[in-house]
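The values are calculated or read from the model by the stated rules, or taken from the named source; none is laboratory data. Only a predicted model underlies this, so the values are computations on that prediction, with no experimental measurement involved. Using ideal geometry, Cβ is built from the backbone for each residue, glycine included, and neighbour counts are taken over all protein chains shown. Please note that ligands, DNA and RNA were not included when accessible areas were found on the heavy atoms of the full protein model with its side chains. Shrake-Rupley method; radii C 1.70, N 1.55, O 1.52, S 1.80 Å.
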Amino acid sequence: MNQPVFRAPKGTFDFVPPRGEAILAVRDAMTEPLRHAGYGYIETPSFEETALFARGVGESTDIVTKEMYTFTTRGGDDVTLRPEGTAPVLRAALENGLHRGALPVKLWYSGSYYRYERPQKGRYRHFSQVGAEVLGAEDPAIDAELIVLAMDAYRALGLTGVRVVVNSLGSDESRPAYRAALQEYLRRLDLDEDTAKRVEINPLRVLDDKRPEVQAALAEAPLMSEFLSDSDRAHHDTVRALLSDAGVPFDDDPRLVRGLDYYTRTLFEFVHSGIGAAQSAVGGGGRYDGLSELIGGPRLPGVGWALGADRTLLAMEAEGLTLPGRTGVDVFAVPLGDDAAQRLFGVVTALRREGVRADIAVGGRGLKGAMKAADRSGARIAIVLGERDLAENVAQMKDLESGEQLAIPLGDVISQARDRLASLE
Ligand code: HAM
């Protein structure tokens, strides 16, 4: 066989049916709890001015230094395919003046994101997220609400292996003292040049270094929790108490840090063990009370998360869950001959307009081939129309499970098909 000429770019792949239906169902399940909780839908462009991410996500992060798809347009603008959704959503909220209306503003979004990563299972260069952001509220109830909504989404998908890990990174009140203490500790270690540089620029990121020798050296490192101010500690304790009240078990991880610089106070990650050796996060988020100012806006606290749809589907497959999403149809029409084809085209159109999922054999296939297509379609009922039926103004309605067949008046096909489907439910 000839090899196809074009393939999906490295690190990307296609969703074809039935997995295509499954990824849609995953996204639907993630958005459902948000829509029920009063979140409004927001859509932003899939590229932004590069500086938005450089400032928002952080100049020294892996995302900004290594993973962005950045290019100069024909008009000379410096733009980047969005690697994440929080900075764009906040940019859009500020630009559209949402922060001047009633607060908090609760938003959700769903779309494609792009990171030039080393591709492996669960880590792609193009992936999709469903996200939620709440702007204008410092109340820890919002942090807890978001975590509960995400866990409800995972549960609705049937996932039992998702754990949530929480930490607090402290606010501006607590962080400088911790940063200094951590730096002092890290400077005493024998670290390679790159890591030593990171100690000076962004010491908290060193805690996320996965190399065993670095992890071992970090065993005695000071923890943020030892430096939290009273109000930061109270905030964190309230989030934890509300999660317990809501029946959401969580694990504390005082070393949890994430790859984006905008986080303050609450930080969390949803983890699952079935998505490959290199990563376990099916979603993550946290509070970002300083991000608005970083991108030139007023002080506007925020908190949110993004759930990875691709990784969540992998987690479901790892748990052996039957993938949600209905493919196929309920009624399959089989015309034999051109006149029958024309007549059934109208019947199928009418069925679809009435909300019945219906399809039709095309290309003048014979009865055998068309019945095979009917079986493949998943339909419960076939409507067969031959030349003799047409002359007698009837059609054959066949139950594809029992094989039972019945001649019905052509004019009644739609109502009879609907009744039959209703009786089978
Ligand atoms: P993030 O942790 O970078 O956070 O991404 C969130 C989720 O997107 C990850 O947990 C993962 O499931 C998925 N994801 C990220 N990168 C990839 C990839 N290369 N391939 C497949 N899936 C991936 C954010 O993006 C923040 N904007 C979350 C947030 C919202 N924080 C506050 N509000």
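Data for the structure
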read-out: Lys, Arg +1 and Asp, Glu -1 on Cβ, resulting dipole of the range 1-84 about Cα centre, debye, nearest 20; value: 280
read-out: Three-way shape label, the range 84-164, alpha-carbon gyration tensor, a/c 1.5; value: oblate
read-out: For the range 152-249: rounded, prolate or oblate by the Cα gyration tensor [a/c cutoff 1.5]; value: oblate
read-out: Nearest-ten-degree value, helix 230-245 long axis tilted from longest Cα axis of the chain; value: 30
read-out: The chain: radius of gyration and largest Cα-Cα distance (Dmax), Å; value: 27.6, 94
read-out: Among GLN342, GLN215, GLN129: highest mean-square fluctuation, GNM of the chain, C-alpha pairs under 10 Å; value: GLN342
read-out: FRET efficiency estimate (nearest 0.05) - Cβ-Cβ, ARG7 to THR327, R0 22 angstrom; value: 0.30
read-out: The chain - mean residue ellipticity at 222 nm from DSSP helices (-39,500 (n - 2.57) per run, n ≥ 4, rounded to 500); value: -11500 deg cm²/dmol
read-out: Restricting the range 152-220 to GluC sites (Glu not before Pro) in coil, as DSSP defines it, with at most 16 other Cβ within 10 Å; value: GLU173, GLU220
read-out: The range 311-356: radius of gyration and largest Cα-Cα distance (Dmax), Å; value: 17.9, 50
read-out: Accessible area of the chain divided out per residue, in Å², using a probe of 1.4 angstrom; value: 49
read-out: The chain, accessible surface, carbon-and-sulfur percent (1.4 angstrom probe); value: 50
read-out: In order through the range 133-147: 3J(HN,Hα) via Karplus (6.51 cos²θ - 1.76 cosθ + 1.60), integer Hz, x for Gly, Pro; value: 9, 10, 10, x, 9, 9, 4, x, 4, 5, 4, 5, 4, 4, 5
read-out: 16 Å Cα-Cα reach of LYS368 towards lysines, excluding residues that sit fewer than 8 places from it in its own chain; value: LYS398
read-out: Fully extended contour minus Cα-Cα distance, from ALA177 to ARG353, at 0.36 nm per residue; value: 56.8 nm
read-out: Loop-located trypsin sites (Lys or Arg not before Pro) in the range 1-48, at most 13 other Cβ atoms within 10 Å (DSSP); value: ARG7, LYS10
read-out: Assigned charges on the beta-carbon of Lys, Arg, Asp, Glu; the range 301-401 dipole about Cα centre (debye); value: 100
read-out: Folded to 0 to 90 degrees: helix 413-424 orientation relative to the chain principal axis, Cα; value: 60
read-out: Candidates per trypsin sites (Lys or Arg not before Pro) in the range 61-117, loop by DSSP, up to 14 other Cβ within 10 Å; value: ARG74
read-out: Reachable lysines, given that their alpha-carbon falls under 20 Å from the alpha-carbon of LYS10 and they are not under 8 places away in the same chain; value: LYS66, LYS121
